[in-house]
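Chemist: Quick one: the structure is below, and I'll ask about it shortly.
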Amino acid sequence: MNKYRWLRNDTIDEAAAGALVAELAIPAAAARFLVGRSIDDPAAAREYFQPTLAHTHDPFLFERMREAVALVRAAEQEAQVVLVHGDYDVDGISGAALLFHYLSGAFATVLRFVPDRRRDGYGVAERAIEWAIEQKVGLFIAVDCGTSDAPRLRRLEAAGIRVSCATIISSRWTATWPACS
């Protein structure tokens, strides 16, 4: 039995949602989703479904992004092994997969780790820290986790491993560094 009770948002403008259904030929649930996020114009909805690079934010507006990029560049120049540690939720898995795929084109060795929710719990997994040290990782990137794991991450730094955290906030990246404090 599901212990959660799903509630329908009754503050959605049903007329606006209906207009999106008619104009875009999308399911009513998708239209309600858009209207619930203040996207009630068909042109804005099309832009939402087909984004372009012109609609993205400058990533360097995020706090400490330059430091995070410098860590990645230094690891690349030194031909170090990189470990991307995701979280087990959708943001962490998606973010880690994207970052792993991107970094695999720049680094000879990129490792990935997604913790087991029951075995490892929330946050940076102890097993990942031990593995990173064993594998002589040069850069450990925590995706969507790590901000409350400073003591664990300091163990990595004490072992000579650089650490950076990337956290998704409202589907946009922000970088925190050092030791993701």
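Chemist: Which residue pairs have Cβ atoms under 8 Å apart, sit 6 or more places apart or on different chains, and have a first residue in segment 61-86 that is under 16 Å from Cys145 (Cα atoms) and a second that is aromatic (Phe, Trp, Tyr) and not in a loop (DSSP other than H, G, I, E, B)?
Modeler: Leu83/Phe113; Leu83/Trp131; Leu83/Phe140; Val84/Phe100; Val84/Phe113; His85/Phe113; His85/Phe140; Gly86/Phe113
Chemist: Let me ask something additional. With the condition being in the same structural domain as Gly138 (by TED's automatic domain parsing), loosely packed, with under 14 Cβ neighbours inside 10 Å and within 22 Å of the chain's Cα centre (by Cα), I'd like the helices (runs of 4 or more DSSP H) fully within segment 6-83 carrying at least 3 qualifying residues.
Modeler: 65-77
Chemist: Tell me the residue from Phe60, Phe49 that is touching a Lys or Arg at 6+ places or on another chain (Cβ under 8 Å) and farther than 30 Å from Arg117 by Cα, please.
Modeler: Only one candidate qualifies: Phe60.
Chemist: So, one more: Could you give me the residue pairs with C-beta distances under 7 Å whose first residue belongs to segment 126-154 and is without any contact (Cβ under 8 Å) to a residue 24 or more places away in the chain, whose second residue is in a helix (DSSP H, G or I) and among the polar types (S, T, N, Q) wherever it lies, and which are 6+ apart or on separate chains?
Modeler: Between residues of segment 126-154 that are without any contact (Cβ under 8 Å) to a residue 24 or more places away in the chain and residues that are in a helix (DSSP H, G or I) and among the polar types (S, T, N, Q), there is no close pair.
Chemist: Another question, if that's okay. Taking the criterion of being assigned by TED's automatic domain parsing to the domain that holds Asp87, of a type in the set (Lys, Arg), surrounded by 14 or more Cβ atoms within 10 Å (Cβ to Cβ) and in contact (Cβ under 8 Å) with a residue 24 or more places away in the chain, would at least one residue in segment 105-125 satisfy it?
Modeler: yes
Chemist: Return the pair list, or none, for Cβ contacts closer than 6 Å from residues in segment 159-170 that are buried (at least 17 other Cβ atoms within 10 Å of the Cβ) to residues that are part of a loop (DSSP other than H, G, I, E, B) and at pLDDT 90 or above, at least 6 apart or on different chains.
Modeler: Sorted first by the residue in segment 159-170, then by its partner, the pairs are Ile161/Val137.
Chemist: Among (1) among the hydroxyl-bearing types (Ser, Thr, Tyr); (2) assigned to a helix (DSSP H, G or I); (3) over 20 Å from the mean Cα position of the chain (by Cα), there is one condition Tyr102 misses while meeting the rest; what is its number?
Modeler: With respect to (1) among the hydroxyl-bearing types (Ser, Thr, Tyr); (2) assigned to a helix (DSSP H, G or I); (3) over 20 Å from the mean Cα position of the chain (by Cα), Tyr102 is out only on (3).
Chemist: If you don't mind, another one. Would a scan of segment 146-167 turn up a residue that is of a type in the set (D, E, K, R), modelled with pLDDT of 80 or more, in a strand (DSSP E or B) and closer than 27 Å to Phe60 by Cβ?
Modeler: yes
Chemist: For segment 115-145, which residues satisfy the criterion of being part of a helix (DSSP H, G or I) and not hydrophobic (A, V, I, L, M, F, W, C)?
Modeler: Across segment 115-145, the qualifying residues are Arg117, Arg118, Arg119, Asp120, Glu126, Arg127, Glu130, Glu134.
The values are calculated or read from the model by the stated rules, or taken from the named source; none is laboratory data. Worth saying up front: this structure is predicted, and the values here are computed from it rather than measured. Ideal geometry is used to build each Cβ from the backbone, glycine not excepted, and the neighbour counts take in all protein chains shown.
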